[in-house]
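Visitor: Just passing along the structure, written as structure tokens.
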């Protein structure tokens, strides 16, 4: 089945917003790590992961321009919320910062897989990029768990809040 032009535009719009949001989350985490929280190991981990997110964001930024797609009107709000989520999760400690990454990446895993399943050969280059980006996100999730992310106790509530917010942002950004 052929994926419609509108559907592809939705994919690119939401992926652009999502990857930009990931950059903003990591920028918020780095802000906390450069001001209030001193954890050089965590800072190094975040600095390595943000490199992938910037690569992903730059790709979708180019696709938005190349295909003349309007970005979501909510970008300024997502930027603010992303920085706030990153900063807030990091001042709660390393487990919370890493859970933030794990929770977001688990939502993105399913989101990207859904897109991969819908894209056809006409969008082979886009599909190939999304497959690669999904692999990067799964790697980030794995790093987060290796670095102490947990869903035990109150962290389970944080996980649900982050996942709900991420899914809501995806649904809104696809359409507006």
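Since every read-out is calculated from the coordinates, none of them should be taken as a lab result. None of these values were measured; they are calculated from a predicted model. A quick note on method: Cβ atoms are made from the backbone with ideal geometry, for glycine too, and the neighbour counts reach across all protein chains shown.
Visitor: What is the angle, in °, between the Cα long axis of helix 155-175 and the longest principal axis of the Cα atoms in the chain? Nearest 10 is fine, range 0 to 90.
Guide: 30 degrees
Visitor: Counting only the backbone N, which residues of the range 46-64 are under 17 Å from the spot 7 Å out from the Cα of residue 34 toward its beta-carbon?
Guide: 46-54
Visitor: Assuming R0 = 25 Å, what is the FRET efficiency of residue 58 and residue 154, from their Cβ-Cβ distance, to the nearest 0.05?
Guide: 0.10
Visitor: With 10 angstrom as the radius, rank 40, 48, 10 by how many other C-beta atoms surround their C-beta, starting from the fewest.
Guide: Arranged by neighbour count, lowest to highest, 40, 48, 10 become 40, 48, 10.
Visitor: So, in nm, how far is label residue 2 from label residue 77 when the simple model puts each one 7 Å beyond its Cα toward the Cβ?
Guide: Placing both labels 7 Å along Cα→Cβ, they lie 3.5 nm apart.
Visitor: Let me ask another. Return a whole-number percent for the relative contact order of the chain, with Cα pairs under 8 Å and 6 or more residues apart as the contact set.
Guide: Relative CO of the chain lands at 31 percent.
Visitor: How many percent of Cα pairs in the chain exceed 23 Å?
Guide: Counting every Cα pair in the chain, those more than 23 Å apart make up 37 percent.
Visitor: On to the next question. Measure nothing but the geometry: give the 0 to 90° angle between the long axis through the Cα atoms of 124-146 and the longest principal axis through the Cα atoms of the chain, rounded to 10°.
Guide: 10 degrees
Visitor: For the chain, what does the helix formula give at 222 nm: sum of -39500 (n - 2.57) over DSSP H segments with n ≥ 4, over the residue count, nearest 500 deg cm²/dmol?
Guide: -29000 deg cm²/dmol
Visitor: Now for a different question. Please state the shape class of the range 76-169: rounded when a/c is under 1.5, otherwise prolate if a/b exceeds b/c and oblate if not, all from the C-alpha gyration tensor.
Guide: In terms of gyration-tensor shape, prolate.
Visitor: Another question, then. Tilt of helix 5-35 relative to the longest C-alpha principal axis of the chain, in degrees (0 to 90, nearest 10)?
Guide: 20 degrees
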